[in-house]
Structures are given as C-alpha cells and as structure tokens.
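Here's the structure we're looking at; comments come further down.
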Amino acid sequence: MGVLNVTPDSFAGGITDAAAAVDAAVRMEADGADLIDIGGESTRPGADRVAVDEEIARVVPVIRAACGRLQIPISVDTRKGVVARAALDAGAAIVNDVSGLDHDPALARVAAECGAALVLMHSRGNPKTMAEQDVYEDLIGDIVAELRASAAAARQAGVMVDRIILDPGIGFAKRPSHSYGVLARLPELAAALERPLLVGPSRKSFLREAAGDRPALERDWATAAAVTAAVLAGAHIVRVHAVAEMAQVVRAAEEIRRHG
C-alpha cells in the first residue's frame, strides 16, 4: 500500500497540488503498489484536526482524477464518516480508519452502506493525547481485545466480516519498545484476530531507536528491516512511502516466506 498524503503537514512529506498528487499515484502503481492510500489529515502525534470541508476538498479531487488513471484500488485514510462517504462516492474502495471507529462510529455504517472494505487500526485517544495513553498491562492481549471491540462495532453496523482488515497501529499510543514488540509478536496477533493484517512501520519515529536521530525521509533502510519482519511474520499488507524500494523488499520477503 503506497502512502499518498495530500496534506501540508505530513511527517514524511506531503503533496498539496492535486495534479501532482495524481501523478505521484500513477508512479506508485508503476513502481509496484497494489493499493494507494490517500489521506487529507495528518494523524502524526500532536497534529491539529482538519475540518471536514477542508479534508474533503483535499482528497476528493485527487481520488476522482486518480480513478481514471489507476488500475489498482484506492483507499481513503480518514477518521470521519462524512469524508469517507465523499471519498467512496468519488471512487475509493477502502476506508482506512486510524482511530478504529473511536473518533466517529458512524464511519462503519458508511462503509457498510457502500460495500467498502474497512481497515481498523489500534490506537488510543487522538493525535494530541495518544502519547499519554501508552501504558499496557499485556501489550498483545490489550491490542487484541481493543481491535476485537473495533471489529465487533463494525460488524454491528453491517460491515461484512470478510471486508474487515486490522492494523496493530505501529507508533500510535505506543512507545518504541511497544512497536518493536508488536513486530516481533505479529504471529500471535494474527492467530488471535483471524483477520488480514495491515502493518505500517514506514519512516516512523520508533525507528530512531535503531537508526539514530535521522529525519523521517532518511529512515527507509530501517523501514526495510521492519517491512521484512512484518512480511515474514504474516502481514498481508504493508503501508509504505518509498514504493519502488519497498516493493523489492516485500517481494524478496514473500519468496523467503513461501519457501519456508
């Protein structure tokens, strides 16, 4: 899954011009992306909330134009049901909710009514407060329980179980040790949740523990290690910024896993 942020404040670089964003999506597909995830609101720690109208204005023109040029599905990265509906009407097929329905429970009903796939990520709080909620009694057990609750809420709203994808939320309400722990114990999560897993380690700050105090754009080597670990541990989708490089990493890791 290639990341396409149409925001001015993304931690790993964003594109605010719609035509340039569509061109970037086309390049990602050519570079090996199987999905494109388009987001109009940064959810990095400390990020400010974006108004609904502004978020729609950022993502809908890009999605509509990209649908005419891409052969692969488009995902919208949003926490808001109103934005999700506008994006799905414009041609998106997947909703990626980093709040796991905590921000706007109505988003699940939108996904159900539109027949969209729904990614539910584990997090706590919001971008302003998540760092205060990074305490776990049982890291994997707590994440499993909270993701199961998100999935149950989606099912209650009418989302078919085979359209639900779960994401353990690397870096969200988690210290670096938690993020590494999730990657190391991903098979436990997969076995407990029994749903396809999306893992998004790309360029995140937890990688500084290994790579040093480098800016986000210089963390692709560390990202490659995390992506390899995720694929070998059973991730079905990895969400990345550097598609051309990570496509090679994923394919090689897939071959290793296949031969095992």
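The values are calculated or read from the model by the stated rules, or taken from the named source; none is laboratory data. Keep in mind it's a predicted model, so treat the numbers as computed, not measured. Quick reminder, even Gly has a Cβ in these numbers, built from the backbone with ideal geometry, and neighbours come from all protein chains shown. Surface accessibility is based on the protein's heavy atoms, side chains included, excluding ligands, DNA and RNA. Shrake-Rupley method; radii C 1.70, N 1.55, O 1.52, S 1.80 Å.
Can you tell which of M246, M130, M28 shows the greatest fluctuation in a Gaussian network model of the chain with Cα springs below 10 Å?
Of M246, M130, M28, the Gaussian network model singles out M130 as fluctuating most.
Search the structure for amide H atoms under 5 Å from the amide H of L35, placed 1.01 Å from N in the peptide plane, and list their residues when 5 or more places away or on another chain.
Excluding prolines and chain starts, which carry no amide H, the hits are G2.
Of T228, T129, T78, which is the most mobile in a GNM of the chain whose springs link Cα atoms less than 10 angstrom apart?
Greatest mean-square fluctuation among the candidates belongs to T129.
Would you look at the GNM of the chain, springs on alpha carbons closer than 10 Å, and say which of A131, A229, A210 moves the most?
Judging by the Gaussian network model, the answer is A210.
For the peptides 117-126, 100-109, what is the packing order when you average, over each peptide's residues, the other Cβ atoms within 10 Å and list the highest mean first? Don't skip to the answer; put the middle values down first.
On the way: 117-126: 23.8, 100-109: 20.8.
By packing density, highest mean first, the sequence is 117-126, 100-109.
At a probe radius of 1.4 Å, what is the per-residue accessible area of R58, in Å² to the nearest 10?
About 50 Å², ignoring ligands and nucleic acids.
Please list the non-local residues whose amide H lies under 5 Å from the amide H of N96, H modeled 1.01 Å from N, same-chain partners needing a gap of 5 or more.
Hits under the 5 Å cutoff: V76, D77, T78, V119.
Could you work out how far apart the two model spin labels at A30 and R175 are, taking each label as a point 7 Å from the Cα in the direction of the beta carbon, and quote it in nm?
For A30 paired with R175, the spin-label model returns 4.6 nm.
How big is the Cα convex hull of region 126-260 in projection, averaged over all directions, in nm²?
Values: hull surface 35.8 nm².
Mean projected area for region 126-260: 9.0 nm², to one decimal.
With charges set only on the Cβ (+1 for Lys and Arg, -1 for Asp and Glu), what does the dipole of the chain come to about its Cα centre, in debye to the nearest 20?
For this selection, approximately 200 debye.
Dipole magnitude of region 146-258 about its Cα centre, charges +1 at Lys/Arg Cβ and -1 at Asp/Glu Cβ only, in debye to the nearest 20?
On the way: 16 positive and 12 negative charges, 35 e Å.
Dipole of region 146-258, to the nearest 20 debye: 180 debye.
Which Cα, out of A149, V60, A106, lies furthest along the positive dipole direction of the chain (beta carbon charges, K/R +1, D/E -1)?
Selected residue: A149.
For S177, what accessible area in Å² do you get when you roll a 1.4 Å probe over the heavy atoms of the protein chains, rounding to the nearest 10?
Solvent-accessible area, nearest 10 Å²: 80 Å².
Equivalent ellipsoid semi-axes for region 28-153, as square roots of 5 times the alpha carbon gyration tensor eigenvalues: give them largest first, rounded to whole Å. Each step should come with its number before you reach the end.
On the way: eigenvalues 135, 50, 43 Å².
Values for region 28-153, descending: 26, 16, 15 Å.
Scan the chain and report its longest stretch carrying no GluC sites (Glu not before Pro) that are both in a DSSP loop and have at most 13 other Cβ atoms within 10 Å.
On the way: sites that count: E137, E194.
Segment 1-136 is the longest.
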